[in-house]
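Below is one structure, written out as C-alpha cells; comments come after it.
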Amino acid sequence: MLKNICTRTVIPVAIAVTGFVIVCCLLLYSMIREDMVKVSTIHGTNLADTLTRSARYSMLNDDREALNNLIANVGAQEEVEHVRIFNKKGRIAFSSETREVGRYVDKNAAGCIACHAGAVPKHTLEGMQQARTYENPQGEQVLAVTASIFNEPTCANGSCHVHDATQAILGILDVGLDQEPLRHALVTLRWRMTIFTLMILCLTIGGVVAILNLNLFVPFRRLMRFTEGAADGNIREDVPHLDGELGTLVEKICGIHEEQRSARQKVSILLSVTCINRRKELIGHFPNEFSENDFPQRLTCCYGERSNPLAPEDPGANSSL
Amino acid sequence: MRQKIQEQIRLCEQRSNYGLWALALFVAISIAANSQFHLLAELALKWRTLLGPPPPANWINGALFIYSFSAVIQIFTRMMQGTEPRGTIFPVIYLLLFYLFYGASGAQIEHFWAVLAAGITILGLESYSCWSYYQTELRSAREELDRLDRLGKLS
C-alpha cells in the first residue's frame, strides 16, 4: 500500500495536520479551562469579600438573627453549596446547614492546611490560594473559598462582646460554590472543540487530497496508462493532453517511441533484403541509424537481447556488416 | 564492492526501523508517566528546593506549541531536501523533558494528552520520514547489487 504514490503523499500530510490540530486543541482547551477556573475563583473570592463586608454591621451589633438570615439567604442560592462562619478554634458559629452549627472543622482539610501547615498559622493568603476544589458526598465538584474576618479596632473596642486586641483573626468565612455549571460548560466546550477539530481536519485533508488528485494523481494515472500502452506498442490510441512537466514527459515518450518505430521499420526493410550489396547500400543511405559500430546494439534495443533478428537467421551478418 | 553494498543494505534495513523504535520508547515513557504521576510530583518537590519554582503551565504550553510546530516543519524540510534523518532519539528526550516540566509545575494530569498527541505526531512523521528515506536507499543499493550480478554473469 505504501508503494502507491497517492498514499505516500497523503500520509505525512494527514499525520502532520491531524496531530498538530489535536495538540493545539488540547492546549487551547486546557488554557480556556484554566481561565474559566480562575474566573470562577475570582467570583468566589469576591462573593466571600462581599459577604464579609455585609456581615460586618451585624457582627458589630451582635445581631445574630440578621447574620443567620444573611447566611441562610446566600446559602439558598442555587450555585452556593454552603456558607459557614467558624471561630479561631474551628467551631462553626453560623452555617447555611443548621445541623453543622456547633461542630468543629478539620484543620487538616484541603482548604485549611495551607494556613495551618506550620507551627504558627498564616494570617493572609493570596486570592487563588484561598480557593480549594473538592468533591462533596453527592459527587459534585465544589469550589470553596475562605476569607478571614480580621480583628479591627472597632471589634476590639466594641461594647457588645470583648475581643482581645492582640487576636489577629476573629473567624473565617467559608463559601462553597457548586462547580457543576462550570463542568457542564467545559463538557459543552469539549464537544464543540472536537466537532470543530473534525471539521478542520476533514476540510484540510480533504482539500489537500482533492488538489493533489486533480493536479497530480489523475494526470499521473493517465500517464501510467499511456506508458503501459506505449510499452505494448499502441501509442497512438490514447495520447493524454497534460500540462507542465507531465506534458513534456508525454512528448518525450512519444519522441522515443517514434524513433524506435522508425528504427524497427528500417531494420525490417534491411532484413527483408537478402543481397549483401543492397544491404550495404541501404546502410550507406542511413549512416546514422545503421552505423557499423552500434548497429547490433540498435537491433538489441529494438528487438530485445534474446530476439536479435540477426543472430538466429544469419550468424555471420554482424561480421558481414 | 559487493560486500560493501551488502553491508549498506543491512545498515539501511536496520536504520529504517529507528523511527519506530523511538516511537515505541516514547509510548513506553508515556505509559510510565501516566501511571507514575505521584512519583513525578515527589520529584518535583525535590527539584523545587534545588532549582526554585518551575515555570507556569502556560509558558510550558507555549513552548510545546512552538516545539511541535518547528519539529514538524523540520521533518518536512528534511523530507523535501532528501537528507538523511539523524538524531531520531532527540524528540523523545525533548518530550520527556516536557513531561518533567509539567510534572514539576503540578499540571501533568491536565497536559498529559497534549504531550502524548505531540509526541505521536512528531515521532510518527519522523519514523515515516526515516522509513521512506532508507527504503529509497535500499532500492538504490539493491539495484546496484543487481547490476553487479549482471556484470559478473556477463564476464
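For the pair A:Glu245/B:Ala24, report the inter-label distance in nm, with labels modelled 7 Å from Cα in the Cβ direction.
So the two model labels end up 3.6 nm from each other.
May I ask for the accessible area buried between chains B and A, both sides summed, probe 1.4 Å, to the nearest 100 Å²? Intermediate values should be presented prior to the final figure.
On the way: alone 9970 and 20940 Å², together 29160 Å².
Adding both sides of the contact gives about 1700 Å².
What does the accessible area per residue of the stretch B:2-154 come to in Å², with a 1.4 Å probe and no ligands, DNA or RNA counted?
Accessible area per residue: 58 Å².
Normalised by the residues of chain B, what does the relative contact order come to in percent, with Cα pairs under 8 Å and at least six apart?
Values: 132 pairs, mean separation 74.7, N = 155.
So the answer I get is 48 percent.
Would you mind checking the stretch B:122-139 for residues with the amide N under 17 Å from a putative spin-label position 7 Å along Cα→C-beta of B:Ile31?
Counting only backbone N, you get no residues.
For the modelled label position 7 Å from the Cα of A:Leu271 along Cα-to-Cβ, which residues of the stretch A:193-236 have backbone nitrogen atoms closer than 20 Å?
Within reach of a label on A:Leu271: A:231-235.
At R0 = 45 Å, how high is the FRET efficiency between B:Leu151 and B:Ser70 if r is their beta carbon distance? Nearest 0.05 is fine.
0.45
If a paramagnetic tag sat 7 Å from the Cα of A:Ile11 along the Cα-Cβ line, which residues of the stretch B:109-135 would have the backbone N under 13 Å from that point?
Under 13 Å, as judged by backbone N against the label point of A:Ile11, lie B:124-135 of the stretch B:109-135.
Tell me the per residue accessible area of the stretch A:1-104 using a 1.4 Å probe; a whole number in Å² is fine.
Counting only protein heavy atoms, the per-residue value for the stretch A:1-104 is 58 Å².
What pairs in A:Lys252/B:Lys4; A:Lys88/B:Lys46; A:Lys280/B:Lys153; A:Lys266/B:Lys153; A:Lys38/A:Lys88 have C-alpha atoms more than 30 Å from each other?
In this structure, A:Lys252/B:Lys4; A:Lys88/B:Lys46; A:Lys280/B:Lys153; A:Lys266/B:Lys153 lie more than 30 Å apart at Cα.
Tell me, how many Å apart are the Cα centres for the stretch B:71-108 and for the stretch A:63-81?
So the two Cα centres are separated by 55 Å.
Largest first, how would A:Glu245, A:Glu140 line up by accessible area (1.4 Å probe)?
A:Glu245, A:Glu140
Would the stretch B:2-154 count as rounded, prolate or oblate if I go by the C-alpha gyration tensor, calling it rounded below 1.5 in a/c and otherwise prolate when a/b exceeds b/c, oblate otherwise? Provide the component values of the computation, followed by the final result.
Numbers: a/c = 3.88, a/b = 2.82, b/c = 1.38.
Verdict is prolate for the stretch B:2-154.
How far is helix B:2-15 tilted, in degrees, relative to the longest principal axis of the Cα atoms in chain B, given as a value from 0 to 90 rounded to the nearest 10?
Taking Cα atoms only, the helix is inclined about 20 degrees.
Would you tell me the mean number of C-beta atoms belonging to other protein chains that fall within 10 Å of each C-beta in A:21-33, as a whole number?
For this peptide, the per-residue mean of nearby foreign Cβ atoms is 6.
Using the Cα centre of chain B as origin and beta-carbon charges of +1 (Lys, Arg) and -1 (Asp, Glu), tell me which of B:Leu51, B:Trp131, B:Gly62 is placed farthest towards the positive end of the dipole.
B:Trp131
For A:Thr50 and A:Thr98, calculate 0.36 nm times their separation in residues minus their Cα-Cα distance, and state this gained length in nm to one decimal.
Difference between extended and current length: 15.1 nm.
Compare B:Leu64, B:Leu50, B:Leu125 in a GNM of chain B, Cα atoms joined below 10 Å, and give the one with the largest fluctuation.
Residue with maximal mean-square fluctuation among B:Leu64, B:Leu50, B:Leu125: B:Leu50.
The values are calculated or read from the model by the stated rules, or taken from the named source; none is laboratory data. A quick note: this is a predicted structure, and the numbers were derived from the prediction, not measured. We place every Cβ from the backbone using ideal geometry, glycine too, and count neighbours over all the protein chains shown. Quick note on the areas: whole protein, heavy atoms, side chains included, nothing else; ligands and nucleic acids left out. Shrake-Rupley method; radii C 1.70, N 1.55, O 1.52, S 1.80 Å.
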